[in-house]
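Undergrad: I am attaching a structure below and will ask some questions about it afterwards.
The values are calculated or read from the model by the stated rules, or taken from the named source; none is laboratory data. Bear in mind that the values here come from a model prediction, so they are computed numbers and not experimental data. Methodologically, a virtual Cβ is constructed for each residue, glycine included, from the backbone with ideal geometry; neighbour enumeration extends over all protein chains shown. Ligands, DNA and RNA are excluded from the accessible area calculation, which covers all protein heavy atoms including side chains. Shrake-Rupley method; radii C 1.70, N 1.55, O 1.52, S 1.80 Å.
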Amino acid sequence: MKPRKLIAGNWKMNGSLAANEALVRALVQGVGAEGGCDVVLCAPAPYLSQVQSLTANSGIAVGAQDVSAHAQGAYTGEQSSAMLKEFGVRYAIVGHSERRQYHGETDETVAAKTAASLANGLTPIVCVGETLAQREAGQTEEVVKRQLAAVIHVNGHCISEIVVAYEPVWAIGTGKTATPAQAQAVHAVLRAQLHHAASEHAAGIRLLYGGSMNAANAAELLAQPDIDGGLIGGASLKAADFLQIIAAAAR
Ligand code: PEP
């Protein structure tokens with residue numbers, strides 16, 4: 001069965017108490033009328049409880065942008081999945097390319113963070129994607145399959161509980177979107193890999209596209225057979241744009 005579409009906003013390191021309040025109030029009002037897809041806001045850690053309060057009873061879920069691979073202990077600066085769960089957080093982005101690039105996260109770290117999320121009932125949004133150099137070298141398929149294989153290897157049949165986000169690194173924050181055909185081609189590869197690992201559950205695993213998705217291009221991307229939603233950075237900070245993407249997913 002086709003899963004319900006999921007639109008996730010990744011605010012990255014943006015926001016303030018005042019700006020968040022204005023944005024979330026507008027989204028709660030706008031989504032109230034919509035309701036045809038799942039929506040999650042991945043806010044910076046200090047604002048998670050603010051966003052949790054503002055979205056209470058709205059149907060909008062809250063997500064973290066990262067989670068520790070460890071359960072507890074001497075890991076200064078990190079937040080465990082149990083802590084996030086206590087604050088009503090339901091999703092965690094794992095292995096975003098900015099974490100891989102600036103924080104040295106490896107495929108193994110990403111697999112361990114996925115396991116830590118699942119252990120406490122958080123839904124990990126596992127990011128995979130190739131760089132421009134890898135695409136130009138014809139390595140796209142090999143790279144995304146390797147990244148996802150590490151997660152499958154550690155998490156086994158539990159991967160039926162994850163969300164996967166295909167985010168070509170060259171499309172993130174650049175205004176360059178993968179064409180719907182380019183995105184669909186990679187999503188089909190990922191679906192086949194999930195099918196191999198999780199057989200009958202694979203069709204229900206949500207595969208999001210991320211990389212300069214916006215109000216103008218969302219509908220065409222979301223119409224592809226293996227694109228089950230979006231992970232949206234820049235456009236998730238503008239209520240009107242984000243609501244248009246949600247409306248496109250709800251159609
Ligand atoms: C992202 O940060 O995951 C992302 C897709 O960003 P943008 O939409 O700005 O390209």
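Undergrad: Which is part of a helix (DSSP H, G or I) and closer than 19 Å to Lys5 by Cβ, of Val39, Val51, Val31?
TA: That would be Val31, the only listed residue that is part of a helix (DSSP H, G or I) and closer than 19 Å to Lys5 by Cβ.
Undergrad: Please return the ranges of helices (runs of 4 or more DSSP H) entirely within segment 70-150 where 1 or more residues are under 15 Å from the mean Cα position of the chain (by Cα) and at pLDDT 95 or above.
TA: 97-102, 107-119
Undergrad: Here is a list of conditions, (1) aliphatic (A, V, I, L, M); (2) away from the ligand (no atom under 16 Å from the Cβ); (3) touching a strand residue (DSSP E or B) at 6+ places or on another chain (Cβ under 6 Å), and Ala185 meets all of them except one; can you say which number that is?
TA: The one condition Ala185 does not meet is (3).
Undergrad: Hey, another quick one. Condition (residue is of a type in the set (Phe, Trp, Tyr) and surrounded by fewer than 15 Cβ atoms within 10 Å (Cβ to Cβ)) applied to segment 66-83: is it met by at least one residue?
TA: The answer is yes, given that some residue of segment 66-83 is of a type in the set (Phe, Trp, Tyr) and surrounded by fewer than 15 Cβ atoms within 10 Å (Cβ to Cβ).
Undergrad: Return the residue satisfying two criteria in turn: it lies in segment 84-116 and is open to solvent by 70 Å² or more (accessible area, probe 1.4 Å) and more than 14 Å from the ligand (Cβ to nearest atom), and of such residues it is farthest from Gly156 (Cα to Cα).
TA: Top of the filtered list is Phe87.
Undergrad: Can you pull out every residue in segment 160-188 that is within 12 Å of Ala202 (Cα to Cα) and either open to solvent by 30 Å² or more (accessible area, probe 1.4 Å) or at pLDDT below 90 (or both)?
TA: Residues satisfying the conditions are Ser160, Glu161, Ala188.
Undergrad: Tally the residues that are more than 11 Å from the ligand (Cβ to nearest atom) and either open to solvent by less than 30 Å² (accessible area, probe 1.4 Å) or without any contact (Cβ under 8 Å) to a residue 40 or more places away in the chain (or both), restricting the search to segment 212-225.
TA: Residues in segment 212-225 being more than 11 Å from the ligand (Cβ to nearest atom) and either open to solvent by less than 30 Å² (accessible area, probe 1.4 Å) or without any contact (Cβ under 8 Å) to a residue 40 or more places away in the chain (or both): 5 in total.
Undergrad: Follow-up. Pairs, please: C-beta under 8 Å, at least 6 apart or cross-chain, first residue open to solvent by 50 Å² or more (accessible area, probe 1.4 Å) and in segment 6-29, second part of a loop (DSSP other than H, G, I, E, B)?
TA: Final answer for the pair search is Met13/Pro44; Asn14/Pro44.
Undergrad: Next question. Please go through segment 139-194 and give me each residue that is touching a residue at least 60 places away in the same chain (Cβ under 8 Å) and closer than 22 Å to Ala115 by Cβ, ordered by number.
TA: Val163, Ala165, Glu167, Leu190
Undergrad: Counting only residues that are away from the ligand (no atom under 11 Å from the Cβ) and buried (at least 20 other Cβ atoms within 10 Å of the Cβ), which one in segment 241-251 is nearest to Ser16 (Cα to Cα)?
TA: Filtering segment 241-251 for residues that are away from the ligand (no atom under 11 Å from the Cβ) and buried (at least 20 other Cβ atoms within 10 Å of the Cβ), the one nearest to Ser16 (Cα to Cα) comes out as Leu243.
Undergrad: Quick check on segment 189-209: of everything there that is open to solvent by less than 40 Å² (accessible area, probe 1.4 Å) and farther than 17 Å from Arg4 by Cα, which residue is nearest to the ligand (Cβ to nearest atom)?
TA: Looking at residues that are open to solvent by less than 40 Å² (accessible area, probe 1.4 Å) and farther than 17 Å from Arg4 by Cα, I get Leu190.
Undergrad: Conditions first: (1) assigned to a helix (DSSP H, G or I); (2) in contact with a Leu (Cβ under 9 Å, 6 or more places away or on another chain). Ala61 passes all but one, so which condition is the exception?
TA: Ala61 satisfies all of (1) assigned to a helix (DSSP H, G or I); (2) in contact with a Leu (Cβ under 9 Å, 6 or more places away or on another chain) except (1).
Undergrad: Another question, if that's okay. Can you tell which of Ala19, Ala71 is among the hydrophobic types (A, V, I, L, M, F, W, C) and farther than 26 Å from Ala249 by Cα?
TA: Checking each option against the conditions leaves just Ala71.
Undergrad: While we're on this one: For segment 226-240: of the residues being closer than 18 Å to Thr179 by Cα and crowded, with 21+ Cβ neighbours inside 10 Å, which is nearest to the ligand (Cβ to nearest atom)?
TA: Out of the qualifying residues, it is Gly233.
Undergrad: Let me ask something additional. Which residues, counting only those in segment 203-246, are touching a helix residue (DSSP H, G or I) at 6+ places or on another chain (Cβ under 6 Å) and over 22 Å from Glu130 (Cα atoms)?
TA: Listed by number, the residues that qualify are Ala215, Ala219, Ser236, Ala239, Asp241, Phe242, Leu243, Ile245, Ile246.
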